[in-house]
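Engineer: Shown below is the structure under consideration.
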Amino acid sequence: MSGGACGPQVVVTRRLPAPVEEALRARFPDVRLNADDAAFTPEQLAQALQEADVVVTTVTDRWTPAVLGASGVRARLLANVGVGVNHIDLAAARAAGITVTNTPDVLTEDTADIAIALVLMTLRRLGEGERLLRAGIWTGLRPTFHLGRTLRGKVLGIVGYGRIGRATARIAAAGFGMRVVWHAPRDPRVDDPATAGPPDAERMPTLEALLRASDVVSLHCPATPETRHLVNAATLAQMKPGAVLVNTARGDVVDEAALVAALQAGALAGAGLDVYEFEPRVTPALLAMEQVVLLPHLGSATVETRSAMGMRAVANLDAFLDGRPCPDAV
Ligand code: DGY
């Protein structure tokens, strides 16, 4: 397939790894890439919808009903580079006749790795340790210096048992000897051991039961109106004293003000966060807390995975423009 003056018009809202941009250029010589990589404003998003047949988008673009409902929409496909689509109002996209696709599977393991990294960093107090070494405070090993907690035998509670939740559970159980419990509205009933959770993972009947049982709670549910502030003052109070919260899902699953209060009160021993309620802004109180590990939304951020995500978006785009079903229509 190729673009050209009369071919499909494609707009890409952020820089993508070089192989992905090359693949797009090869197909669509007129593709509009975002050379300076600045996030599109709502006006620029609306303009992209008017000018392009396909918009290749990502999580920093806010596809609100106002943007999607503007007049003169030409676009028929929003190919999202990312699995989460909470930044796209799907009902408004449907009403505008726009198909939405995402990029599942290819980012599962890397995102699970980051969840595990946050479990390690919080329980073993690694960020804090590195900061004090860099500050010149370390004077050598002392048997009582900077003790964390072991992962082995601890209970990891997985909230949301989709692909990434199950991958995190597998690594935690097989690699670190953690005991896994999980809670999700539905049992995913996966037969393939390569993508299933650990065989002895225990389903908890309620979120409260999971929170009361877990030493570490790791969030893996999608951001929906139902999961907004799922972690709030009331549910934080159900967590074990001294437990740790890890979030690699979406920021607004957590009421950050309530999380700050729980950490300040010492009810939680720490938190490991890769996503934020007001992303990219981080609640200032979190920045000041040594027991909190803060990453800049790195879940899928590897050369390999970001390229695979981009190529998966290209595969969706190819299918759409060829009139075939999109492999990852949402
Ligand atoms: C995802 O795939 O949703 C990641 O958070 C990156 O956007």
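Every read-out reported here was derived from the displayed coordinates using simple, explicitly stated rules and does not represent laboratory data. Please read these numbers as outputs of a predicted model, since none were measured by experiment. Every residue, glycine as well, gets a Cβ built from its backbone with ideal geometry; the counts of neighbours run over all protein chains shown.
Engineer: How far is it, in nm, from the label point at VAL303 to the one at THR224 when both lie 7 Å from their Cα along the line to the Cβ?
Structural biologist: With each label placed 7 Å out from Cα toward Cβ, I get 3.8 nm.
Engineer: Where in the range 145-163 does the amide nitrogen come within less than 20 Å of the point 7 Å from the Cα of ARG186, taken along Cα to Cβ?
Structural biologist: Within reach of a label on ARG186, which here means backbone N under 20 Å from a point 7 Å along Cα→Cβ, the range 145-163 contributes 158-163.
Engineer: What FRET efficiency, computed as 1/(1 + (r/R0)^6) with R0 = 45 Å and r the Cβ-Cβ distance, is obtained for ALA237 and SER71, rounded to the nearest 0.05? Intermediate results must be reported in sequence, preceding the final value.
Structural biologist: Numbers: r = 48 Å, r/R0 = 1.07.
Once rounded, the FRET efficiency stands at 0.40.
Engineer: With bins 10 Å wide starting at 0, give me the P(r) of the range 208-291 over every alpha carbon pair, in whole percents.
Structural biologist: Result, from short to long distances: 19, 58, 22, 0 percent.
Engineer: While we're on this one: Suppose R0 equals 22 Å. What FRET efficiency, 1/(1 + (r/R0)^6) with r the Cβ-Cβ distance, do ASP318 and ASP105 give to the nearest 0.05?
Structural biologist: Details: r = 17 Å, r/R0 = 0.79.
For ASP318 and ASP105, the calculated efficiency is 0.80.
Engineer: Using the Cα centre of the chain as origin and beta-carbon charges of +1 (Lys, Arg) and -1 (Asp, Glu), tell me which of ASN34, PRO17, ALA257 is placed farthest towards the positive end of the dipole.
Structural biologist: ALA257
Engineer: Apply 1/(1 + (r/R0)^6) to the Cβ-Cβ distance of LEU132 and THR195, taking R0 = 35 Å, and write down the FRET efficiency to the nearest 0.05.
Structural biologist: 0.30
Engineer: Using the Cα centre of the chain as origin and beta-carbon charges of +1 (Lys, Arg) and -1 (Asp, Glu), tell me which of HIS229, ALA319, VAL180 is placed farthest towards the positive end of the dipole.
Structural biologist: The listed residue farthest towards the positive side: VAL180.
Engineer: Which distance in nm do the two modelled labels at GLN50 and MET289 give, with both placed 7 Å along the Cα-to-Cβ direction?
Structural biologist: In this crude label model, GLN50 to MET289 measures out at 4.5 nm.
Engineer: Which three extents, in whole angstrom, do the alpha-carbon atoms of the range 119-183 cover along their principal axes, largest first?
Structural biologist: Per principal axis, max minus min of the Cα coordinates gives 44, 20, 17 Å.
Engineer: With +1 on each Lys and Arg Cβ and -1 on each Asp and Glu Cβ, and nothing else charged, work out how big the dipole of the chain is about its Cα centre, in Debye to the nearest 20.
Structural biologist: 740
Engineer: Sort 57-66, 38-47 for me by packing, meaning the mean count of neighbouring Cβ atoms within 10 Å per residue, highest on top.
Structural biologist: Top to bottom by mean Cβ count within 10 Å: 57-66, 38-47.
Engineer: Which order do the peptides 309-318, 70-79 take when ranked by the mean count of other beta-carbon atoms within 10 Å per residue, highest first?
Structural biologist: 309-318, 70-79
Engineer: Then there's this: What would the Debye formula give as log10 I(q)/I(0) at q = 0.13 Å⁻¹ for the alpha-carbon point model of the range 108-294, no solvent?
Structural biologist: Each listed q corresponds, in turn, to -0.63.
Engineer: Apply the Karplus parameterisation 6.51 cos²θ - 1.76 cosθ + 1.60, with θ equal to phi minus 60°, to every residue of the range 109-114 and state each ³J(HN,Hα) to the nearest whole Hz, in sequence, with x for glycine and proline.
Structural biologist: In residue order, the calculated couplings are 5, 5, 5, 4, 4, 5 Hz.
Engineer: Could you tell me which of GLY140, VAL159, LEU118 has its Cα farthest along the dipole of the range 118-162 towards the positive end, charges placed at Cβ (Lys, Arg +1; Asp, Glu -1), taken about the Cα centre?
Structural biologist: Value: GLY140.
Engineer: So what are the chain's ellipsoid semi-axes, whole angstrom, largest first, if each one is the square root of 5 times an eigenvalue of the alpha-carbon gyration tensor? Kindly include the intermediate steps, with their values, before the conclusion.
Structural biologist: On the way: eigenvalues 296, 90, 74 Å².
Equivalent ellipsoid of the chain: 39, 21, 19 Å, largest first.
Engineer: Follow-up. Could you let me know the centre-to-centre spacing of the range 177-256 and the range 274-313, using Cα atoms, in angstrom?
Structural biologist: 19
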